[in-house]
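**Q** Here it is, the structure in full.
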Amino acid sequence: MDISFNEVSYTYQPNSPFEHKALIDLSFQIDSGSFVAIVGHTGSGKSTLIQHLNGLLRPTKGEIKIGDYHIRAEEKIAKVKALRRQVGIVFQYPEHQLFEETIAKDIAFGPKNFGVDEEEINRRIPILMEAVHLPLTLLDRSPFDLSGGQMRRVAIAGVLALEPSVLVLDEPTAGLDPKGQQEIMDMFATLHKKKNLTTILVTHSMEDALKYADHVIIMDHGQKYMEGLPHEVFVEKDKLQQVQLDVPEVIQFLQAFEAKFGQTIPYQGQTLTELARLMQEILKGEQKYV
Amino acid sequence: MSNSIIIGQYVPGDSWIHRLDPRIKIVIIFCFVVFVFFANTALSYGWLTLFAIATAASTKIKARFIAKGLTPVWFLIIFTFVLHLIVTREGTVLFEVFTFPIYSGALIQGFSISLRFFLLILVTSLLTLTTTPIEITDAIESLLHPLKKIKFPVHELALMMSISLRFIPTLMQETEKISKAQASRGVDFKTGPLKDRIQAVVPLLVPLFVSAFKRAEDLAMAMEARGYRGGEGRSKLRELVIRKQDIIALGLFAFVIVVLFLLRS
């Protein structure tokens, strides 16, 4: 689904001493099927932004379009439940939302609420367990018996069980071990391609944004600071540092490489191996000429 | 969520009410709560109202904010008023509403009781609006200190209080977070038949309890790791000291009470 924000503002506790403007005149477009990374310093308004995507918050000003759904400041959101079925949100530390007696029941909770029939749910569960790399033997165990990382996977499966067409991820890998982080992110990337999802990833990790996203939005103090293709945005070291963000390591290394050898390697989403080979070739070529 | 409830919510500020010693504030408010019941003439009520409003004004918190915070209590105040109109049958009949007689005594009673209510709530909420929860617990610990002689666990009580106060906002945030997560999974907290709405609380309460117990365990562990072993010989980071302004405040309040008794009949 295409998503568009049109001059959206959101203020927490307006007209009180605690008034806080979390979003200020924010406008952007997300095309259907794209993988968008939203990056920003803590408190830049990322989490507020994503809560607008399924109508948990209503803008204080402006208009949001998500597919055929319109969210405006003045009016109540029509068909909010239908919207929530389309937009799945994996919140930060989603394992906190687990509550059922068994893992199977917890995964089934979402689709059940949206009226998916039992048979269909039972068909989805094993597929989901496989997608999040959990053995089927766990299905009848309590989610509270699991390790933190496994609980996270169950919670993610619980959101994926809705089969949403827009998937919103709020720092899905925070607090996981490196291997778990990699697995989860790869799983999202695969799902994104396979199910033709529109994926929105909120992250602190410039590496993830660079690796998975095809569009990056950088937020600062509730406003859009930069927007564009990842390899274009992430080379602007000075601009990024102004909002306490770092250039991803890969790009840092390429820049250092350029400074040292005077050879520019444009970053176009190559893998580490590809880059290493490229450098090797360039350096070998250099050696020949010298 | 419940952003409008201000009872128990501290508003940072730098008015002289904010800077008063919390013990003095508690003592004054405690006395005020008692003395409100001594008012029995229009003048004495007026005097106390003046005191309450003057105090509220000198906190420099926006009047609109205080008034908005009292909204849940307005209902109670109006309810008391109406109840008195209906039940009390003293004095003369003033007029009739749908053949129901309204007595003059009822009007006076209703008005004074509601005013008492209003004053009590206004003044007590001023305490929490201008005093951090930590200050309040420190003050209570210090005020209850004499009870230590009869083996009353004053320090433990104060600790329990400050811990629970500390966790109110945390738990509220947690509730909001979990209810949003469950709402995203299709739980409807706001509409639908009552039975469904009660059931909708389960996915909210279970995670909330789980995390509360976890937090308690973590906190206990962290306290133990830092060598906490109760109040014996424990020094304080913030010493409470009575200063000149506190004495002045007490004097002013004593003056208010003396005038109150002069205005009584």
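**Q** Determine which member of the set B:L50, B:L85 is more than 18 Å from the chain's Cα centre (by Cα), assigned to a helix (DSSP H, G or I) and farther than 27 Å from B:L250 by Cβ.
**A** Going through B:L50, B:L85 in turn, just one is more than 18 Å from the chain's Cα centre (by Cα), assigned to a helix (DSSP H, G or I) and farther than 27 Å from B:L250 by Cβ: B:L85.
**Q** Can you tell me which residues in the stretch A:158-178 are away from chain B (no Cβ under 12 Å) and either more than 16 Å from A:R84 (Cα to Cα) or part of a helix (DSSP H, G or I) (or both)?
**A** Hits for the stretch A:158-178 are A:E171, A:P172, A:T173, A:A174, A:G175, A:L176, A:D177, A:P178.
**Q** Now for a separate question. Return the only residue of A:I89, A:I71 being in contact with a strand residue (DSSP E or B) (Cβ under 8 Å, 6 or more places away or on another chain) and outside the structural domain of A:Q51 (by TED's automatic domain parsing).
**A** None of the others qualify; the one that does is A:I71.
**Q** Residue under question is B:E141, and the condition is that it be surrounded by 11 or more Cβ atoms within 10 Å (Cβ to Cβ) and in contact (Cβ under 8 Å) with a residue 24 or more places away in the chain; does it hold? Talk me through it step by step, then tell me what you get.
**A** Working: surrounded by 11 or more Cβ atoms within 10 Å (Cβ to Cβ): yes; in contact (Cβ under 8 Å) with a residue 24 or more places away in the chain: no.
The answer is no for B:E141.
**Q** Another question, if that's okay. Looking at the stretch B:73-85, is at least one residue crowded, with 17+ Cβ neighbours inside 10 Å, touching a residue at least 40 places away in the same chain (Cβ under 8 Å) and aromatic (F, W, Y)?
**A** Within the stretch B:73-85 (the criterion being crowded, with 17+ Cβ neighbours inside 10 Å, touching a residue at least 40 places away in the same chain (Cβ under 8 Å) and aromatic (F, W, Y)), the answer is no, since none of the residues qualifies.
**Q** Right, next: Having 2 or more residues that are surrounded by 10 or more Cβ atoms within 10 Å (Cβ to Cβ) and small (G, A, S) is the bar; report the helices (runs of 4 or more DSSP H) wholly within the stretch B:178-265 that clear it.
**A** B:202-225, B:244-263
**Q** Determine which single condition B:K148 fails, assuming it passes every other condition in (1) surrounded by fewer than 14 Cβ atoms within 10 Å (Cβ to Cβ); (2) out of contact with any helix residue (DSSP H, G or I) (no Cβ under 6 Å at 6 or more places or on another chain).
**A** With (1) surrounded by fewer than 14 Cβ atoms within 10 Å (Cβ to Cβ); (2) out of contact with any helix residue (DSSP H, G or I) (no Cβ under 6 Å at 6 or more places or on another chain) applied to B:K148, the lone miss is (2).
**Q** Sticking with this one: With the checklist (1) among the aliphatic types (A, V, I, L, M); (2) within 14 Å of chain A (Cβ to nearest Cβ); (3) over 30 Å from B:R229 (Cβ atoms) in hand, flag the one item B:I198 doesn't pass.
**A** (2)
Listed here are the residues, each with its yes/no results for (1) buried (at least 21 other Cβ atoms within 10 Å of the Cβ); (2) modelled with pLDDT under 90; (3) among the aliphatic types (A, V, I, L, M).
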{"site": "A:S16", "(1), (2), (3)": "no, yes, no"}
{"site": "A:A37", "(1), (2), (3)": "yes, no, yes"}
{"site": "A:L53", "(1), (2), (3)": "yes, no, yes"}
{"site": "A:K65", "(1), (2), (3)": "no, no, no"}
{"site": "A:A73", "(1), (2), (3)": "no, yes, yes"}
{"site": "A:V87", "(1), (2), (3)": "yes, no, yes"}
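The values are calculated or read from the model by the stated rules, or taken from the named source; none is laboratory data. It should be emphasised that the depicted structure is a prediction, and the values quoted were computed from it without experimental measurement. Because the Cβ atoms are built from the backbone with ideal geometry, glycine has one as well, and the counts that use them run over all protein chains shown.
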